[in-house]
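Remarks on the structure that follows.
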Amino acid sequence: MFEPRGPSPCTLLDDETLFGMPIWVKRDDLLHPVVSGNKYRKLKTPLSALAESVKHANLSSARSPKIITMGGIWSNHLHATAYAAAEMRFDSHAFVRGHAPMNTVMLDDCRKQGMQIQYVDREVYRALRDDPGHWQTLVAQEPHCYWLPEGGSTPDALAGVAELVDELPFIPDVILVACGTGATMAGLLAGLRGRGRVVGIAVINHGEYLRNEMSRLLCQAGYVDYRNYQLHTHFHHGGYAKASPELHKFCGNFMERFQLPIEPVYTGKVFFALQSLIASGDILRHEKVVVLHTGGLQGARSGL
């Protein structure tokens, strides 16, 4: 398994004027130069398990295992998976929402790592999201194929995320995190084991269904169905991969002030929401707050 640089640092923002209180940032964007943040943590357990199964099966080099997954044209998950698969000498195949003329530098990166890109329309993409076995109707059946759903959000992913909590210098009152599929937030709940609370910022529109997703993942992974969390669904700024002018301005000012890279798809929405949650009293000024920087800066390359 490819290794990170080491436990990511947890740093204190050196200027309290923006939020009016001390804010710690878990810099998971620094975990690995390519497979950063929650993408590394979510891939760690399932890919390690796949490597072990291949080892025990004594699979020949002529029959490399294949990771099959899905994502958009600026997917952090696809970018991380392509690199991880290449490092582990696995094949990889991605269903990408879009059509053949559409291309991005992110997809070019994936191709350079050997990932096969297969474009699918919205209907097929929706079927892949809703039916875990639908991919089997779209590719030739081969031995040792491993399906990773959108965002790598499997029950196995939670264990890698849960490890993050033990790396913190203290158990915070609040961990604030972007929420796209629910797996990272569920993993943090698993790691906290009922201590403190997780505050999730849904980066997608109509994100209430994420509550059920978190419960499902926790239960399937064998954890308690923890409920020490709050999910805020009104800070999406138009939906996934969308951003308001106000959010763009905030991200620019934030990066200039703190010299900390963020983007408007995930982490930018979290820091933007933090201001409002402190002002409204949802987060109290005496509480110890850690913001999880989940890495994944492909959105910054998109020019969004």
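In table form, for the structure just shown:
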{"item": "Residue ID - nearest to Arg41 (Cα to Cα), chosen from residues in the stretch 125-152 that are outside any loop (DSSP other than H, G, I, E, B) and among the polar types (S, T, N, Q)", "result": "Gln136"}
{"item": "Some residue of the stretch 163-175 being crowded, with 24+ Cβ neighbours inside 10 Å, under 19 Å from Ser36 (Cβ atoms) and either charged (D, E, K, R) or modelled with pLDDT under 95 (or both)", "result": "no"}
{"item": "Residue tally, condition closer than 20 Å to Gly296 by Cβ, in contact with a Leu (Cβ under 7 Å, 6 or more places away or on another chain) and at pLDDT 90 or above, over the stretch 3-22", "result": "3"}
{"item": "Test: residue in the stretch 242-263 that is in a loop (DSSP other than H, G, I, E, B) and within 19 Å of Lys288 (Cα to Cα)", "result": "no"}
{"item": "Single match in Leu292, Leu277, Leu284 (criterion: in the same structural domain as Glu167 (by TED's automatic domain parsing), under 23 Å from Leu18 (Cα atoms) and assigned to a loop (DSSP other than H, G, I, E, B))", "result": "Leu284"}
{"item": "So Thr104, is it in contact (Cβ under 8 Å) with a residue 40 or more places away in the chain, under 26 Å from Glu213 (Cα atoms) and of a type in the set (Val, Ile, Thr)", "result": "no"}
{"item": "Test: residue in the stretch 63-79 that is over 19 Å from Met115 (Cβ atoms), touching a residue at least 40 places away in the same chain (Cβ under 8 Å) and touching a Cys at 6+ places or on another chain (Cβ under 6 Å)", "result": "no"}
{"item": "Candidates Phe19, Phe95 - the one that is in a strand (DSSP E or B) and either aromatic (Phe, Trp, Tyr) or farther than 24 Å from Lys242 by Cα (or both)", "result": "Phe95"}
{"item": "Out of Ser92, Ser64, Ser75, sole residue that is of a type outside the set (Asp, Glu) and at pLDDT 95 or above", "result": "Ser92"}
{"item": "Single unsatisfied condition, Met115 versus (1) in the same structural domain as Ala85 (by TED's automatic domain parsing); (2) over 19 Å from Leu43 (Cα atoms); (3) touching a Ser or Thr at 6+ places or on another chain (Cβ under 6 Å)", "result": "(2)"}
{"item": "Residues within the stretch 206-223 that are small (Gly, Ala, Ser) and on the phi > 0 side of the Ramachandran plot, tallied", "result": "1"}
{"item": "The listed residue being crowded, with 21+ Cβ neighbours inside 10 Å, at pLDDT 95 or above and under 21 Å from Gly182 (Cβ atoms), out of Leu231, Leu217", "result": "Leu217"}
{"item": "All positions within the stretch 156-184 that are assigned to a loop (DSSP other than H, G, I, E, B) and either among the charged types (D, E, K, R) or not assigned by TED's automatic domain parsing to the domain that holds His206 (or both)", "result": "Asp156, Asp173"}
{"item": "Failed condition for Asp108, given (1) more than 29 Å from Ala186 (Cβ to Cβ); (2) in contact with a strand residue (DSSP E or B) (Cβ under 9 Å, 6 or more places away or on another chain); (3) assigned to a helix (DSSP H, G or I)", "result": "(2)"}
{"item": "The lone exception for Leu247 - which of (1) exposed (fewer than 14 other Cβ atoms within 10 Å of the Cβ); (2) farther than 19 Å from Leu192 by Cβ it fails", "result": "(1)"}
{"item": "Boolean, Tyr119 is in contact (Cβ under 8 Å) with a residue 40 or more places away in the chain, under 14 Å from Gly72 (Cα atoms) and hydroxyl-bearing (Ser, Thr, Tyr)", "result": "no"}
{"item": "Subset of the stretch 76-98 [in contact with a strand residue (DSSP E or B) (Cβ under 8 Å, 6 or more places away or on another chain) and under 19 Å from Arg129 (Cα atoms)]", "result": "His77, Leu78, Thr81, Ser92, His93, Ala94, Phe95, Val96, Arg97, Gly98"}
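So that you can scan it fast, the table gives a plain yes or no per residue for (1) over 21 Å from the mean Cα position of the chain (by Cα); (2) closer than 26 Å to Glu52 by Cα; (3) crowded, with 18+ Cβ neighbours inside 10 Å:
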| position | (1), (2), (3) |
| --- | --- |
| Asn76 | no, yes, yes |
| Thr81 | no, yes, yes |
| Ser92 | no, yes, yes |
| Asp109 | no, no, no |
| Glu123 | yes, no, no |
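The values are calculated or read from the model by the stated rules, or taken from the named source; none is laboratory data. Here the structure is a predicted model, which means the values were calculated and not measured. Here Cβ is always computed from backbone atoms with ideal geometry, including for glycine, and neighbour counts include all displayed protein chains.
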